[in-house]
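Working notes, beginning with the structure itself.
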Amino acid sequence: MNNMKFKTSSPEPLHSNQKLKARRTFIKLSLSLFTSTLIPSFYSKAISNPENSNSWSIGERVELCEGQTITCTSLFPKRIYCVLIYNTSKNDRNVFLDVNWSNQQAPKKMTIPGSENKQGDASLILVSGNDTSTISLSITSGNGGQIECFLISTAIESPSPNLPIRHIVTGGKRYIVEKYQHYLGLINRGWYHLTLENKISQSVVLQIQHHQVIIYILNPTQTPLFNITSVGSITKNKDYLIQRADFEGQPQRIEVLIQGNEETIMWVGASSKQALNNTTLALQALSITRVLSREEPSTVKRKALQCYSDKNKVYSGPWVNQQ
């Protein structure tokens, strides 16, 4: 057999543009593989964003009408989120809302009560970032009406045009609780005294922390009602607590001692503009913490923030009553 000879040649060198294109292709494939394998399973719980949904950001106030859906996809673990909803329908009519937070569980139905001249209290939805990264609200066709809603948590750090933030001082100054206004306080280590007061009408103020929400009701009726829907693992007396002023004692005033430990707390009114204009909030520091610039950081594990009511009941995360 004759020896066969093959002519071999070295590949032509790639030009610089071709090299750049090949490098970009390699990077895209690598990133795609990385994200598909390493994204935490936590985010797989999130619902998909429907095509008819409008994007919704934390701290943004939006209006929702019949046939519309709004979706927020930026909930983070280890935080509790509140959705405040006002019925802004022209007529005194209820609005029926679908609250969707999971692909595995059916949406919750919620009724937003109507009110005369849009003067009703807000309705409240509570959701944890430990359960989902996404929440959607929908008014389905035929349910009519209109609502105004905004999503809030202590993750809000900068004010927006339609949801302003006011940093309060801890010197006992009184602030009128205005509708849509967020009052932000940094609770350092030590004791603080919180005073809420309304001498004329019933009003509701929320105290929002990283993991818990306290709902204060001033001037309550004998059977005060506040419309709350919780989804996922959120439970009463653990993740949120309702504290009413003493109906027979001092219904116009709530006083609470707070033992802080370097935590940001937010207070938000959840009533009509008229009711909140009669409501005041004051926070006063009762102790002074000395800080040494050369002092080493403490390695002791931080305690949960504790709130002591005027009835000598102690509430501490996760809101277990202690004797």
> In this structure, does Ile112 turn out to be of a type in the set (Val, Ile, Thr) and over 21 Å from Ser89 (Cβ atoms)?
Replying inline: no
> If a residue has to be in contact (Cβ under 8 Å) with a residue 12 or more places away in the chain, charged (D, E, K, R) and either within 19 Å of Tyr240 (Cβ to Cβ) or outside any strand (DSSP E or B) (or both) to count, how many in the range 145-158 make the cut?
Replying inline: 0
>> What's the number of the only condition in (1) touching a helix residue (DSSP H, G or I) at 6+ places or on another chain (Cβ under 8 Å); (2) in a strand (DSSP E or B) that Asp131 fails to meet?
In response: (2)
> Filtering the range 218-230 down to residues that are surrounded by 17 or more Cβ atoms within 10 Å (Cβ to Cβ) and more than 15 Å from Leu84 (Cβ to Cβ), which residue is modelled with the lowest pLDDT?
Replying inline: Pro220
> Filtering the range 65-87 down to residues that are β-branched (Val, Ile, Thr) and touching a Leu at 6+ places or on another chain (Cβ under 6 Å), which residue is nearest to Gly144 (Cα to Cα)?
Replying inline: Ile70
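Residue-by-condition table, conditions (1) open to solvent by 20 Å² or more (accessible area, probe 1.4 Å); (2) in a loop (DSSP other than H, G, I, E, B); (3) under 23 Å from Leu206 (Cα atoms); (4) modelled with pLDDT of 80 or more:
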{"site": "Thr37", "(1), (2), (3), (4)": "yes, no, no, no"}
{"site": "Tyr43", "(1), (2), (3), (4)": "yes, no, no, no"}
{"site": "Ser48", "(1), (2), (3), (4)": "yes, yes, no, no"}
{"site": "Glu51", "(1), (2), (3), (4)": "yes, yes, no, no"}
{"site": "Val62", "(1), (2), (3), (4)": "yes, no, yes, yes"}
{"site": "Leu97", "(1), (2), (3), (4)": "no, no, yes, yes"}
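Listed here are the residues, each with its yes/no results for (1) touching a Ser or Thr at 6+ places or on another chain (Cβ under 8 Å); (2) open to solvent by less than 10 Å² (accessible area, probe 1.4 Å); (3) touching a residue at least 60 places away in the same chain (Cβ under 8 Å).
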{"position": "Gly67", "(1), (2), (3)": "yes, no, yes"}
{"position": "Arg79", "(1), (2), (3)": "yes, no, yes"}
{"position": "Ile85", "(1), (2), (3)": "yes, yes, yes"}
{"position": "Trp101", "(1), (2), (3)": "yes, no, yes"}
{"position": "Ile112", "(1), (2), (3)": "yes, yes, yes"}
{"position": "Leu126", "(1), (2), (3)": "yes, yes, yes"}
{"position": "Ser136", "(1), (2), (3)": "yes, yes, yes"}
{"position": "Asn143", "(1), (2), (3)": "no, no, yes"}
> Any idea which residue in the range 75-102 is farthest from Leu137 (Cα to Cα), counting only those that are within 11 Å of the chain's Cα centre (by Cα) and β-branched (Val, Ile, Thr)?
Replying inline: Ile80
> Could you count how many residues in the range 166-217 are among the hydrophobic types (A, V, I, L, M, F, W, C) and under 16 Å from Gly260 (Cβ atoms)?
Replying inline: 9
>> Condition (residue is acidic (Asp, Glu) and exposed (fewer than 15 other Cβ atoms within 10 Å of the Cβ)) applied to the range 156-163: is it met by at least one residue?
In response: yes
> Applying the selection to the range 168-195, what residues are open to solvent by 40 Å² or more (accessible area, probe 1.4 Å), touching a Ser or Thr at 6+ places or on another chain (Cβ under 8 Å) and of a type in the set (A, V, I, L, M)?
Replying inline: Ile176, Leu186
>> Let me confirm something: among Gln243, Gln259, Gln274, which residue is closer than 30 Å to Pro107 by Cα, open to solvent by 20 Å² or more (accessible area, probe 1.4 Å) and not in a loop (DSSP other than H, G, I, E, B)?
In response: Gln243
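The values are calculated or read from the model by the stated rules, or taken from the named source; none is laboratory data. Just so it is clear, the model here is predicted, and its values are computed rather than measured. Cβ: placed from backbone, ideal geometry, glycine included. Neighbour counts: every protein chain shown. We work out accessible area using only protein heavy atoms, side chains counted, and drop any ligands, DNA or RNA first. Shrake-Rupley method; radii C 1.70, N 1.55, O 1.52, S 1.80 Å.
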